[in-house]
1. Which one, Ile152, Pro263, Ile178, is farthest towards the positive end of the dipole of the chain when Lys and Arg carry +1 and Asp and Glu -1 on their Cβ?
2. Excluding Leu87 itself, what net charge comes from residues whose Cβ is under 9 Å from its Cβ, given Lys and Arg +1 and Asp and Glu -1?
3. Among residues other than Ala122 whose Cβ falls under 15 Å from its Cβ, what is the net charge (Lys/Arg +1, Asp/Glu -1)?
4. So what are the ³J(HN,Hα) numbers for the range 143-150, from phi and the Karplus equation (6.51, -1.76, 1.60; θ = phi - 60°), rounded to whole Hz, Gly and Pro as x?
5. Using a 7 Å offset from the Cα along the Cα-to-Cβ direction at both Asp58 and Met201, what is the distance between the two label points in nm, to one decimal?
6. Placing +1 on the Cβ of each Lys and Arg and -1 on the Cβ of each Asp and Glu in the range 20-138, which of Thr44, Asn135, Leu83 has its Cα farthest towards the positive end of the resulting dipole?
7. Give the residue list of GluC sites (Glu not before Pro) in the range 44-152 that are DSSP loop and have at most 10 other beta-carbon atoms within 10 angstrom.
8. List the aspartates and glutamates whose Cα lies under 18 Å from the Cα of Lys69, skipping any in the same chain that are fewer than 8 positions away.
Amino acid sequence: MKKILSLIILVAVIFSACTQKFEKTESGIQYRIINTSDDARAVTKGDQVMIHMVGKLDYNDSLIFDSYKNSKPYYIPSDEPTLGSVLQVLHKGDSAQFMVSSDTLFLKSFGQPRPAGIKEGALIKFVVKVEDVYNQEEMRKKISEQNGEIRIKDSVACETYLKSLTGVTKTASGLNYIVVKSSTGKQATKNSKVTVKYKGMLLDGTIFDQSKPENPTFNFVVGLGQVIPGWDEGLALMKEGESFKFIIPYQLAYGPQGAGPIPPFSSLIFEVELLKVE
């Protein structure tokens, strides 16, 4: 709580009370450094900069960026098209305020026009705190360490979930399944066209996808890579009329990259009903 309050105070002070004059980078961005240490590590070209950032529109003070809100700092290349010219005059631990044209920011950094809700020519006021600086090798190591932690967390959560179940069968690939409803219907095999109803969940029970009332079934051909590997393998175990629960490890799901609402390295739960085999 104290940390959050201190951050709020810092941002408020910088936005409202600072009288230091603005300087300009070679690219024309106005900035002023609030706190700095020449002895700290300088940001150089090619670095990745971990920053906390708050951005407000200059004409009405409305908030458009705030990394403090979810305690998730941004990682920005030091040669980022718009902000890089300011980042490269900073050091680790520095805080600064700068102003950027909204038209320039959205076009150069985001590759899209300024949103209609922002006035033409409006400036965005930023307050930035440089939390850390990484060269390319350090960043690769950090990502590897973070990925390792995520994989371990997912593995523990998956094993804990599996221990709460009964009747689980595990295949050689690592796919886990439970036969919820058996049938003597037609067996699905590679190249079978199947029609299914399904519900997909994260390990914490969050539903990320399911059959919709307006489109209650899903069709695909088994074994052609039209779905994730866990589905291709799992559906080939099913017969028409059966219902299975699949607990699919991330390697057989969306892997280290994740997809949409599915985070990287996520084991998934699917409840699948096989309606038809052709």
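1. Result: Ile178.
2. -3
3. Working: positive: Lys56, Arg114, Lys119, Lys125; negative: Asp58, Asp61, Asp103, Glu120.
Neighbour charge sum, excluding Ala122 itself: 0.
4. Once rounded to whole Hz, the list reads 4, 4, 5, 5, 5, x, 5, 5.
5. Taking the two extended label points, one gets 5.2 nm.
6. Going by the charge dipole, the pick is Leu83.
7. Passing sites in the range 44-152 are Glu120.
8. Leaving aside aspartates and glutamates fewer than 8 places away in the same chain, those within reach of Lys69 are Asp61, Glu131.
Every number here is computed from the coordinates shown, using simple stated rules; none is lab data. Being a predicted model, the structure only gives us computed values, none of them experimental. Cβ: placed from backbone, ideal geometry, glycine included. Neighbour counts: every protein chain shown.
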